1. I need the P(r) histogram for the stretch 136-274: all alpha carbon pairs, bin width 10 Å from 0 out to the longest distance, whole percents.
2. Just the accessible area per residue of the chain, please: how many Å² with a 1.4 Å probe?
3. Sticking with the crude label model, points 7 Å out along Cα→Cβ, report the distance from residue 64 to residue 194 in nm, one decimal please.
4. Pull out a ≥ b ≥ c, the square roots of the eigenvalues of the alpha-carbon gyration tensor of the chain, then state rounded if a/c is under 1.5, prolate if not and a/b is larger than b/c, and oblate in the remaining case.
5. I'd like the Karplus ³J(HN,Hα) series for the stretch 124-141: coefficients 6.51, -1.76, 1.60, θ = phi - 60°, whole numbers in Hz, and an x wherever there's a Gly or Pro.
6. Among 109, 188, 128, which one shows the biggest mean-square fluctuation in a GNM of the chain, springs joining Cα atoms closer than 10 Å?
7. Pick from 43, 93, 246: which is most flexible by mean-square fluctuation in a GNM of the chain where alpha carbon atoms under 10 Å apart are linked?
8. Residue 126 accessible area, nearest 10 Å², 1.4 Å probe?
Amino acid sequence: MPYLTSTGAPSRTVGAERLGVGVPGYAHPLLAPTEWAELVRPGTPLHWAVLNIHDGPGTRPDPHCLEAAGRIRNARERARHGDVPHDSVRAAGGRLLGHLDLAFGSRPFGELMSDAQSFLDWYRVDGFYLGRCPSERAHLPAVRRLTSTLATLLEHGVRGEGAGPLVLGLGTHPHPGYAEAADQLVTFSGPWTDYRWSQVAEWTAGYPPERFAHFVHGVPRTHLDEALRIARWQGAGTVFFTDRDGQNGQTDPFAALPSYWDEIVSRIGLGDSE
């Protein structure tokens, strides 16, 4: 549902009509080759994946990231044209998003737009993930200005079947006005110990699941079904669950595959989220 797109403009879709996976940002393809390879595996229920070189696009095109971006585009094209059976989630989504670091509202507008243009020019991203997005009402006008400008940039810069989504990396429930500032909001990002007792904000009930994403680390394999049920109950259409917990030298629990990745692909890909 393209909330920032005017009538007649190309549609920016999340692809979350069915539960699927959003990848907040794997490590560099040289450090995480398996992770990036799994994103193009036929049948992976991928809504979108974030490309983040150095809290943004970096200073010049990276050949390894160029290759990874090309593979994701090609996998989506194959799914869209029906070349790969049982890949309908990827066909509806399967987008690559450039990571823009908002630094909780402290980064200048011009810097962010420069990063966005580099992502489009170098990696042909479909949309953007706005990391460390502020959530307070006071920052809402600035975020709206940024997302509306990015939407225009995407409409003019993305070839093919429309542009991909703008996703706000909030990690918490923001002021309700943020729901109209982007296509999807990450309203939970944190440990399983908090997620299993979390509650959804009442205002989210007025929006469909494709408007929300949840990222949870430290989810034991034995609680994967429970995590999927919570996501469904709370109205999240996009998820990423991992048993990595950021301990033992892990700098980012979302930078690599969970040990039960195959189970996630199988259960979500088959629509088993009850």
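The values are calculated or read from the model by the stated rules, or taken from the named source; none is laboratory data. Source: prediction; values computed, not measured. Methodologically, a virtual Cβ is constructed for each residue, glycine included, from the backbone with ideal geometry; neighbour enumeration extends over all protein chains shown. Accessible surface areas use protein heavy atoms only, side chains included; no ligands, DNA or RNA. Shrake-Rupley method; radii C 1.70, N 1.55, O 1.52, S 1.80 Å.
1. 11, 36, 33, 19, 1
2. Values: 12010 Å² over 274 residues.
With all protein chains present, the chain gives 44 Å² per residue.
3. 3.1 nm
4. Working: a/c = 1.28, a/b = 1.11, b/c = 1.16.
Judged from the Cα gyration tensor, the chain comes out rounded (a/c under 1.5).
5. 6, 5, 8, x, 9, 10, 9, x, 6, 6, x, 10, 7, 4, 4, 8, 4, x
6. Comparing 109, 188, 128 in a Gaussian network model of the chain, the most mobile one is 109.
7. 246
8. That residue has around 20 Å² of solvent-accessible surface.
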